[in-house]
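Remarks on the structure that follows.
The values are calculated or read from the model by the stated rules, or taken from the named source; none is laboratory data. Just so we're clear, the structure is a prediction, and the values are computed from it rather than from any experiment. Using ideal geometry, Cβ is built from the backbone for each residue, glycine included, and neighbour counts are taken over all protein chains shown.
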Amino acid sequence: MLNITSIVIGIIALILAVFAFIPLLGWANWVIIPFAVVGLALGAMSDRTAGRNLNIVVIVIGVVRLMLGGGII
């Protein structure tokens, strides 16, 4: 059950991260990354790894986008 919850959180965060790639919406990653960290914690408590890996990918995408935009844009 924790893995399914983690996957759902990861999918929602990934969809929001795609919208955060639009110029001037990069600040949304400041909300998306902690949301994905919650999904990562739930995925880490599960015995499967799919949810954990999905949230790790979302976090990396969000961090790279923040670095490209200087943390704001």
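For this structure, a couple of remarks:
- Taking every residue in the range 48-73 that is over 18 Å from F21 (Cβ atoms) and pairing it with any residue that is surrounded by fewer than 20 Cβ atoms within 10 Å (Cβ to Cβ) and modelled with pLDDT under 95, at least 6 positions away or on another chain, the pairs with Cβ-Cβ distances below 6 Å are R48/N3; G51/N3; R52/A44.
- Summed over the range 25-42, the residues that are out of contact with any Leu (no Cβ under 7 Å at 6 or more places or on another chain) and farther than 11 Å from L66 by Cα give a count of 9.
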